[in-house]
Structure formats: C-alpha cells, structure tokens
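Novice: Below: one structure in structure tokens.
The numbers here are math on the coordinates, done by the rules we state, and not lab data. All values reported here derive from a predicted model rather than from experimental measurement. Methodologically, a virtual Cβ is constructed for each residue, glycine included, from the backbone with ideal geometry; neighbour enumeration extends over all protein chains shown.
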Amino acid sequence: MQSSTVRTLLVRGMIAGVVAGLLAFALAYVVGEPSIDSSIALEESASAPAHEHGDAAAVPADEGEEEELVTRPVQSTFGLATGVLVYGVALGGIASLAFAVCLGRVGRLRPRATAALVAGAAFTTVYLVPFLKYPATPPAVGNPDTIGKRTTLFFLMILLSVLVAVIAVIAGRRLAPTLGNWNATVAAGGGYVLVMGVACLLLPANTDAVKETFPAALLWEFRLASLGVQALLWTAFGLIFGALAERVLRPAATAAASSEAVKAGSAARTG
C-alpha cells in the first residue's frame, strides 16, 4: 500500500474517530453523568455527619474547603466532550493504521468488513477484556490512596491483552497453511482466551475499588453505561471508517481490475 494511501486512511480514521466520539459523548452525557452525580452526592452526604456534630463550628467558613479549579458543570460538559473527542481521535488514528496493516492479510475481505473486524477486535482487546477483570467504577467510591495502583493494573491489563492478541494473530497466520484458515483462527482465538483467563486469575483484584456500602444498583448502572459508551464508540467508528476507507480504496481496486482485464485481453489476442 502506498504511503499516500496510508496517510489518507489515517486522516479518514481520525475524522471517523471525531464523529464516533461525538456520538459517544452524547450517550455518556445522557446515561453516564446521572450515575456520576449520584455517586458524588453519596460521597458528600457521607462526609456531612462530621459537620453536623459541631466540627464545622471550629473551622472558618473559608477554610477546610478547597476551591474547585473546574466546576462540576464544566466537567460534565466541556471536560467530558474534550476527553471523549481526544480519545476518539487518538484511537481512530491507531485503528486506521491497524486497518492498513490488516487489509488483504486476514482473508479476502472488503474494506468495510476489514474495518468492522478491526473495530471489533479493538473493542474486545482494549476495553472489554480488561473491563471483565477491572470493571469501571464511578468517582468517589473507592480508596483514594490506591487509585495509582488500580490505574496501573488496568493499563497493564490493556497492554497484556493487546500483546497477546497480536501474538495470537501471528500464530494464526503461521498455522493457516497447516490447519486451514478456519482451524487456525479457532486455535489462535482459543489460545488468546486461555492466556487471558490465566492472567485474570493471577493478577490481583481491586478489592478496595468500591466501598461495601455503595449501592449495587447505582454501580451496575454506571458500569453498564460505561460499557455502552465504548460499544457505541467502536461500532460507530467501524461503520463510518469502513465507508470512508472503501471510497479511498475503490479507485485503486477498479484500476487494478482494469489492468488485469487488459492483460488478460492481450494474452488472449497473443494466444
């Protein structure tokens, strides 16, 4: 594939990431922010009894409370939109490069099908599998002293999932001549599931990520919203980028087909 085509696909991937990010932001604002507001309200209500017992009388009104650098309304609108859009653009660019590598190397799939395959694989390896081990939690529900450890474990799980997926793809390609495409794919997929299952058993759990008194229904609502936002982001990206990539690659495919037809005609006349 020519470098100019890869560059064009990269730009299209970032555009698709922006559009997918906008859709994900809309869903996150509608279904995710209410559960975050509820969890923050619970945390504030839990800290209120200390003030009710007269502790607040000994503290001046302008002390003991840190002024927020970014207010909650700004966090839930501009902050959320910025984070989701940057995330969508970055992953859209990376996924478009992965698409350029996979095109023509994972079977005779059209650009739309290849884009859907890449998006599905990215959602599974980058989010779903790590989510199964370390599910998302709303703010103000866990021990703040262990947030660094929990973040490190989550990103370690992402790195391990992506690495094992790459190894599984390479192994599947090497097994294909011997086992056939279908059997090699099943073997590679089974190997990925086995390795990640062992990793989930060996890696430590986030036992202090959620307080025991936190409402289970609210926690489930937040995690379901988080999963839905990621699913929408990657589904939208796969559909949008697949359409854009096919427009870019269609002229090249048409030109290649015409060239093959001309060669076949010349060979027929020569014969």
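Novice: Once the piece of chain linking Phe155 and Ala231 is laid out straight, how much longer is it, given 0.36 nm per residue of separation minus the C-alpha distance between them?
Specialist: That works out to 25.5 nm of additional length.
Novice: Per 0.36 nm of contour for each residue apart, how much would the distance between Leu203 and Ala113 grow if the chain were fully extended, relative to their Cα-Cα spacing?
Specialist: Extra length from Leu203 to Ala113 when fully extended: 28.9 nm.
Novice: Per-residue counts of other Cβ atoms within 10 Å, averaged by peptide: what ranking do you get for 235-243, 184-192, highest first?
Specialist: 235-243, 184-192
Novice: Let me ask something else about it. Which peptide among 4-17, 165-178 comes first, and what is the full order, when sorted by highest mean count of other Cβ atoms within 10 Å?
Specialist: Numbers: 4-17: 18.9, 165-178: 15.3.
Descending mean neighbour count gives 4-17, 165-178.
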